[in-house]
Amino acid sequence: MAELDAFFQPKSIAILGASERPGSMGGLVLRNLQQAGYPHPVLAINRRGYRSVFGVPCKSTLHASDNIDLAVLCLPAPGLQRAIKSVAQAGVRAALILTGGMARDQLSPTRMRRLKVLARHWGIRLMGPNSLGLIVPSQNLNVSWSHLQAPPGDIAYIGMSSALGSALLDWAAGRGYGFSHFVTVGARADVSLSDVVDYLAGDRRVRAILLHVENIRNAERFMTVLRAASRSKKVLVLHTDPDSTIPPGLASRDKLTQAFFDRAGVLQVTNFHRLLGTLQTLIRTRPLYAHTLALVSNGLGPAMLAHQELKVLAASPSRLEALPEALRPLRLHGDRHSEHGLILPAATDPDMLTQVLAGLDSMSGIGAVLVILVPNARLDIPGLTEVLLVHRRRTRRTLMVAWLGEASVQSARARLDEAGILHFESTEEAVQAFSAIVRHEQVQAYLSETPEQNTRITPAAELLTPFRQLATKVAAGESRWLSWQQTRELIRLFGFQLNPGQHFRDRKALLQAAPGLRYPVVLRLLHEAYLYPFAYPSEARQRWRGVAIDVGHAEQLEEEVDKLYLGLQQHFPASKVMGYVVQPMRRRLDALQFSLGITRDRVYGPVILFGLGGSLANVRADRRVALPPLNRTLARLLLRDTHVYVLLRERVRQPLVAEEALIDAIMQLSELAEHCPWLVGLEMNLVLENDRDLVVLGAAAAIGEERTPSIPTYPQHWEVRVQRRGIEWLIRPVRAEDEPAMKQLYEKQPPEALRLRFFGSRLHFAHRELAAMCQIDYRREMAFVLEAPDGTLKGEVRGWSHVDALTMEFAILLDAEAQGQGLAQALLAQLETFALQSGMKRMMMDVMPENTPMQSLGKRMGYAVQGRDNDSVLMEKTLDAV
């Protein structure tokens, strides 16, 4: 995003509203800029006609001849639009709005849209208003009203709140943290948090990104840039959403926010202290070979305290799935051990600690070691500290140290800190740090997890057309229920097995058929209010189900019909009767039921729900959430995070078989969420038969405006089949599951083919690299693979571009078995079509001079081929000619 260069690397700056008047924001910004040592031209703009402001030349009006890159607007709110027009007409392409204290009505979405429209009209980018400003120490740039200069470092902070940003800067400066960039985007009239994250993710000087997010306007875009950034940098976020709106079917929004950042590979923290502290922990840690923590202490009490804190964290299996293993006693050669860890003598000497650490290093199954030391009169604090320093240089594991106390251990802590060793003042801090390390590894694994193969059940598009057409008739912002029959037809299309049933339009029709029914039956009264999903009170025992079970004969059926109608009048007097449903009584199925569904959040879009079902279950409390699309690995994690999973293993004869059946159901629900963006909500109650067959007992659905998932789904519409020499080949977008096949394709190629493709010798392809190649974001890049009839991959073409760029760069590889049939042309043509529909204007590729087959392909497809230098040849094509 080259247009943001003017904010972060300006070669000239104008400050509008600068003066020497006490309290002038413009004057404060100018003084900060001077104190930062900014080396390029600076101009003050003030209509009062000053000659200079703090020694900087001042003019009353900005002109194009001033050649300004960045304009800083320190003006009252009423004059903003006029000022934006003025600086844009002077040729400025970036404006930082530091106007603060704007009232809520001045920051309304309507006013922000007006500023954005104005910016687009005049071709200028805006950051702010209500921004603290931005600081880039490496550029000697400080255009902010901060009271401090940010020390240099490799951490980028991007926030929304000026007040919290100012507090964090002060807090960090007092603890020695440095920043590569420090910026608050404020009210985001134009430049968004996503824009800045995307820009800084490509900066090699940035090692980590800290985010403060108040609200998310475009979850799809934010997810895209977060996933890209977290693949190469450590990204932590503090989220403070002022909106407490809870989507139907859930008890809170917390699970949703956690699910969103988990899928982005981002670690969420709860306060500013943990934002910086956790980052420091992650920077100093080494990869964990296991998610287990070995405890070593010279006192039983501290070890017991750490053990207790580990148990508290282990109570949340989604946070630390393998943590219970860390609580197993460590048995070394010797007698002093405990269930709470390895307990050493109070006067442990350096030789003993050296022996213990060496012994732990020889053991397998340990991820990190926490050494807890309590000072006393017989303890050699300097000697033990030296042992820890030496061991840190030798070990491959993460070493954590908790020197308890204060007065006696300050110098020891200073030496550990200087050596980059993780050290803490309490066992609680140490255990929380370990949990953060594990948690970060888990969310990072979401980005590179190779999913299990899955057999998808996806109905033909024309079968879904009637539902889509029905949804277009629903007014914006509203939803409409689907009938009992329509809901059953929809879920049947996606492979769900339904409990048989008969629908009767009214009481008369039901009673006429009553003598011929096969008893016992379940009778359900359908009414308008309950045709919507999640239409029940939160307290399970307060729900009126509208159901009569185990009805044995026609006379009892008539009695139950009347009872149900009276119940309707009592609980839902205004709800219209939509008929009656009779289903066979399945006696053994009420023992263990499951709730499966889809709800919609205003920010994150479609959300998958799974948990315990049944009439008396507190389904809202037990439900866990996930964002589609899912693979089998993610579906398995969702299942194992619920109370259902515990019950499954206790009460089912074949729990592994039942688990796979439930994962199949979750996967089909994910398919449904992907292919039915007009589905506002879906709730199903299912039971398990024979440990393997899931049956839907009841379901309700609602439709409305389309909303796609915040995570890009597989773009099936880009699949195309081509015929060559009587063989049908499939050209399709790459999938995450393709990693093994992609590895096989690459490793099959001769060294010369790989050298030409990757501009260097390649022998091995690591899992993380292959995962990144297969788990792509279809919104900003594309890879088409060539699939043979036997399912193997015989080629690929890959194109990528920067956000807002108009050029797509590409690379192509074709197996020798597929060459000479025009398949390379077919692959490239498909990528060109994708690029054109994505708004690209130009295709380009660098190839080695000796790669003549690729140059010949380019010439056949209209590419201009010209030598760039001795090492590469440039192939270019304007897509208007496609």
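The values are calculated or read from the model by the stated rules, or taken from the named source; none is laboratory data. All values derive from a computational prediction rather than experimental measurement. Note: ideal-geometry Cβ built from the backbone for every residue, glycine included; neighbour counts use all protein chains shown. Heads up: the accessible areas ignore ligands, DNA and RNA and are worked out on the full protein's heavy atoms, side chains in. Shrake-Rupley method; radii C 1.70, N 1.55, O 1.52, S 1.80 Å.
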In the range 193-241, how many are over 19 Å from Ile283 (Cα atoms), surrounded by 20 or more Cβ atoms within 10 Å (Cβ to Cβ) and either among the polar types (S, T, N, Q) or in contact with a Cys (Cβ under 6 Å, 6 or more places away or on another chain) (or both)? 2
When both residues are 6+ apart or on different chains and their Cβ atoms are under 7 Å apart, which pairs have a first residue that lies in the range 68-87 and is assigned to a helix (DSSP H, G or I), and a second that is of a type in the set (Phe, Trp, Tyr)? Ile84/Trp122; Lys85/Trp122
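Among the residues of the range 471-509, which ones are over 32 Å from the mean Cα position of the chain (by Cα) and among the aliphatic types (A, V, I, L, M)? Show your work before the answer.
Going residue by residue through the range 471-509, those that are over 32 Å from the mean Cα position of the chain (by Cα) are 473, 483-486, 488-489, 497-509.
Selection gives Leu498, Ala509.
I'm trying to understand the selection: among the residues of the range 248-266, which are of a type in the set (Gly, Ala, Ser) and not in a loop (DSSP other than H, G, I, E, B)?
Restricting attention to the range 248-266, the residues satisfying the condition of being of a type in the set (Gly, Ala, Ser) are 249, 251-252, 259, 264-265.
Ala259 - this is the single residue of the range 248-266 that is of a type in the set (Gly, Ala, Ser) and not in a loop (DSSP other than H, G, I, E, B).
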Do the conditions hold for Glu689, that is, is it among the acidic types (Asp, Glu) and more than 25 Å from the chain's Cα centre (by Cα)? yes
Enumeration of residues in the range 514-536 that are part of a helix (DSSP H, G or I), in contact (Cβ under 8 Å) with a residue 24 or more places away in the chain and among the small types (Gly, Ala, Ser): Ala514, Ala529
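Confirm whether Val296 is at pLDDT 90 or above and either of a type in the set (Ser, Thr, Tyr) or in a loop (DSSP other than H, G, I, E, B) (or both).
Working: at pLDDT 90 or above: yes; either of a type in the set (Ser, Thr, Tyr) or in a loop (DSSP other than H, G, I, E, B) (or both): no.
So Val296 fails the test.
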Pair list, Cβ under 8 Å, 6 or more apart: the range 684-697 residue in contact (Cβ under 8 Å) with a residue 24 or more places away in the chain, other residue polar (S, T, N, Q) and surrounded by fewer than 16 Cβ atoms within 10 Å (Cβ to Cβ): Asp691/Gln654; Arg692/Gln654; Asp693/Gln497; Leu694/Gln497; Val695/Gln497; Val696/Gln497
Count - residues of the range 738-757 that are crowded, with 17+ Cβ neighbours inside 10 Å and closer than 17 Å to Gln775 by Cα: 7
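Please find, within the range 846-877, the residue that is farthest from Leu831 (Cα to Cα) out of those that are of a type in the set (Gly, Ala, Ser) and in a loop (DSSP other than H, G, I, E, B). If you could, list the steps in order and put the result at the bottom.
Going through the range 846-877, the residues of a type in the set (Gly, Ala, Ser) turn out to be 856, 858, 862, 864, 867, 872.
Subset that is in a loop (DSSP other than H, G, I, E, B): 862, 872.
Working: Gly862: 14, Ser872: 22 Å.
Ranking the candidates gives Ser872 first.
Residue-wise test of (1) under 31 Å from the mean Cα position of the chain (by Cα); (2) closer than 24 Å to Ser448 by Cβ; (3) open to solvent by 20 Å² or more (accessible area, probe 1.4 Å).
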site: His764; (1), (2), (3): yes, yes, yes
site: Arg779; (1), (2), (3): yes, yes, yes
site: Met840; (1), (2), (3): yes, no, no
site: Thr852; (1), (2), (3): no, no, yes
Could you tell me which of the residues Leu33, Leu16 is at pLDDT 95 or above, in contact with a helix residue (DSSP H, G or I) (Cβ under 7 Å, 6 or more places away or on another chain) and closer than 17 Å to Val92 by Cβ? Leu16
For the range 646-696, what are the residues that are in a loop (DSSP other than H, G, I, E, B) and closer than 17 Å to Pro628 by Cα? Cys676, Pro677, Trp678
Condition first: open to solvent by 30 Å² or more (accessible area, probe 1.4 Å) and assigned to a loop (DSSP other than H, G, I, E, B). Now tell me which residues in the range 1-37 satisfy that. Met1, Gln9, Lys11, Glu20, Arg21, Pro22, Gly23, Gly37
Among (1) open to solvent by less than 10 Å² (accessible area, probe 1.4 Å); (2) in contact with a helix residue (DSSP H, G or I) (Cβ under 7 Å, 6 or more places away or on another chain), which single condition is Ser408 missing? (1)
In the range 437-448, residues that are surrounded by 18 or more Cβ atoms within 10 Å (Cβ to Cβ) and either at pLDDT below 75 or among the acidic types (Asp, Glu) (or both) total 1
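Are any of the residues in the range 378-398 part of a strand (DSSP E or B), at pLDDT below 95 and open to solvent by less than 60 Å² (accessible area, probe 1.4 Å)? Write out each step before concluding.
From the range 378-398, those part of a strand (DSSP E or B) are 398; that's our starting set.
Narrowing the set further to residues that are at pLDDT below 95 leaves 398.
Checking which are open to solvent by less than 60 Å² (accessible area, probe 1.4 Å) leaves us with 398.
Scanning the range 378-398, I find at least one residue that is part of a strand (DSSP E or B), at pLDDT below 95 and open to solvent by less than 60 Å² (accessible area, probe 1.4 Å), so the answer is yes.
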Show the residue pairs meeting these rules: Cβ distance below 6 Å; 6+ apart or different chains; first residue within the range 179-204 and on the phi < 0 side of the Ramachandran plot; second residue of a type in the set (S, T, N, Q). Thr184/Ser131; Thr184/Ser162; Ala187/Asn130
Inside the range 678-690, can you point out the residues that are out of contact with any Gly (no Cβ under 7 Å at 6 or more places or on another chain) and open to solvent by 20 Å² or more (accessible area, probe 1.4 Å)? Leu688, Glu689, Asn690
Determine, yes or no, whether Gln469 is open to solvent by 30 Å² or more (accessible area, probe 1.4 Å), assigned to a helix (DSSP H, G or I), under 15 Å from Tyr580 (Cα atoms) and out of contact with any Lys or Arg (no Cβ under 8 Å at 6 or more places or on another chain). no
Among the residues of the range 254-266, the number that are open to solvent by 10 Å² or more (accessible area, probe 1.4 Å) and either modelled with pLDDT under 85 or within 20 Å of Ala172 (Cβ to Cβ) (or both) is 1
If the Cβ limit is 6 Å and pairs must be 6+ apart or interchain, which residue in the range 407-418 that is closer than 19 Å to Arg284 by Cβ pairs with which residue that is open to solvent by less than 70 Å² (accessible area, probe 1.4 Å) and part of a helix (DSSP H, G or I)? Ala412/Ile381; Ala412/Thr385; Arg415/Thr385
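If a residue has to be aliphatic (A, V, I, L, M) and within 18 Å of Pro709 (Cα to Cα) to count, how many in the range 620-666 make the cut?
Residues of the range 620-666 aliphatic (A, V, I, L, M): 621, 625-627, 630, 634-635, 637-639, 644, 646-648, 652, 656-658, 661-663, 665-666.
Applying the additional criterion that residues be within 18 Å of Pro709 (Cα to Cα) yields 625-627, 630, 634-635, 638, 666.
Number of matching residues: 8.
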Which condition number in (1) part of a loop (DSSP other than H, G, I, E, B); (2) of a type in the set (Asp, Glu); (3) surrounded by fewer than 20 Cβ atoms within 10 Å (Cβ to Cβ) is the one that Asp190 fails? (3)
Verdict on Thr245 being modelled with pLDDT under 95, within 30 Å of Glu425 (Cα to Cα) and open to solvent by 10 Å² or more (accessible area, probe 1.4 Å): no
With the first residue restricted to the range 228-247 and required to be assigned to a helix (DSSP H, G or I), and the second required to be modelled with pLDDT under 90 and open to solvent by less than 10 Å² (accessible area, probe 1.4 Å), Cβ contacts under 7 Å at 6 or more apart or on different chains are Ser230/Leu447
Report, by residue number, each residue of the range 168-178 that is touching a residue at least 40 places away in the same chain (Cβ under 8 Å) and either touching a Leu at 6+ places or on another chain (Cβ under 8 Å) or of a type in the set (Asp, Glu) (or both). Leu168, Trp171, Ala172, Arg175, Tyr177
